[in-house]
1. List the residue pairs whose Cβ atoms are under 7 Å apart, where the first residue sits in the stretch 23-41 and is within 13 Å of Ile5 (Cβ to Cβ), the second is acidic (Asp, Glu) and surrounded by 12 or more Cβ atoms within 10 Å (Cβ to Cβ), and the two are 6 or more positions apart or on different chains.
2. In the stretch 286-295, what count of residues is obtained for those that are in a loop (DSSP other than H, G, I, E, B) and either surrounded by fewer than 17 Cβ atoms within 10 Å (Cβ to Cβ) or touching a Pro at 6+ places or on another chain (Cβ under 6 Å) (or both)?
3. Regarding the stretch 286-294, can at least one residue be identified that is of a type in the set (Ser, Thr, Tyr) and farther than 20 Å from Ile210 by Cα?
4. Right, Ala298: at pLDDT 95 or above, outside any strand (DSSP E or B) and buried (at least 22 other Cβ atoms within 10 Å of the Cβ) or not?
Amino acid sequence: MKRGINIGDHFENTYDTTVPFENPVKEWYYPLIKKLGFDHVRIPVRWSIWTDDDNDYKINEEFMVEVEKTVKRFLDEGLEVILNVHHFREAMDKPRENAEKLFAIWEQVGARFAGYSDALIFEVMNEPTWRTTAEEWNEVQAEAVEVIRKTNPTRRIEVCSVDYSGLVALDRLEIPKDDNLIATFHFYDPFPFTHQGAAWSPTMKDVSGIRWEGTPDDEEFIEARIIAHAKNFSRTHGNIEMNLGEFGAYGKTALLEDRVKWTRCVRKACEKLGYSWTYWEFNRGFGIADTEGNVNEALVEALLGE
C-alpha cells in the first residue's frame, strides 16, 4: 500500500435512511482508479445511521450488501481497500458513551468480511474530535481492536488519535498491544488555504483568496510538520507503519495552480519517509475527477508524477 485515494461522499454522506441507498460507487470508478496508478482506496462508511438501535444495533442488510459489493469490486480490480467507521458523530465526541454501538458495528463488519484477503484493511474510526480526551479514546480504540481480533486475528488495522486524527495529536496516541497495526493521521495545513469556501465550516465558508505559492519557506513548513511529528512518532513506536489517511485542498475558491503545488509538496514529504498516503478525494469538492469521469490531469500529475 503506497498511493491511494478516498471514495468520499458516497457511503458516509447519506443522512436520510428512510429511502434506499441511492449513491453507490459507479462501475467506471474501478478501472479508472486502477488505470491512473493508485494501488489502494479508502472507503468511508457511516454505519452508525444504518443500525437498528432497538435490535442490538443490527446493520441494515441492503446497505451492508452495497458496501460489500463495492469492497469486493475494488479488491477484484487488484486494489487494496481500507474500510472504516466514518461520521459516527456521537462516538467521535463521546466514545465511551457510544462504545457499545461501535463494538457492535465492528462485530458485524468483522464477521461479514472475515474471509476476505489481507488486501482488506480495517480502520477503527475516523477523526475522534477535540471534544473527547485522548485517554478515553485510547481505551475505547484498544477495546475495538480486541473486538475485531475475535473474527480477524491477522488483518491489518489502522488506529488514530484525537483532534480529528491531526498530525500533532499523534503524540497523544497510545498504540494498542497488537502486532499488525498501522498508525494513520490527517493533514490539512494551512487550514485557511485548504478549506477556504467550505460551506460546512462556519469559519471558512465565506473565505476566499488564500494563496499557497509553494515558496521554499512554504515547503519547509510542510516538510518540517510531517517529518518532525510522523517520523518521530514512528521511531518511538518501533517504526510502526504510517499512513497519511487524508489530505487535500478544497476546489471552490482555491486556485488550481496552488492546489497542485500544495498537493505535490505534501505527497513528496510523505514519500520521503516511505509512508503510504490516501488523497481526499476522488470526485467531489477536493477531487481529481468530476462526476462524469473527466480527470484533472494537473492534480493527477501532482499525486502520481515525478
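The values are calculated or read from the model by the stated rules, or taken from the named source; none is laboratory data. Just so it is clear, the model here is predicted, and its values are computed rather than measured. Cβ: placed from backbone, ideal geometry, glycine included. Neighbour counts: every protein chain shown.
1. Pairs that qualify, where the first residue is within 13 Å of Ile5 (Cβ to Cβ) and the partner is acidic (Asp, Glu) and surrounded by 12 or more Cβ atoms within 10 Å (Cβ to Cβ), are Tyr30/Glu77; Lys34/Glu77; Asp39/Glu80; His40/Glu80.
2. Selection size over the stretch 286-295: 5.
3. Yes - at least one qualifying residue is present in the stretch 286-294.
4. The answer is no for Ala298.
Table: residues versus (1) in contact with a Gly (Cβ under 8 Å, 6 or more places away or on another chain); (2) at negative phi.
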{"residue": "Phe38", "(1), (2)": "yes, yes"}
{"residue": "Tyr57", "(1), (2)": "no, no"}
{"residue": "Glu62", "(1), (2)": "no, yes"}
{"residue": "Glu77", "(1), (2)": "no, yes"}
{"residue": "Phe88", "(1), (2)": "no, yes"}
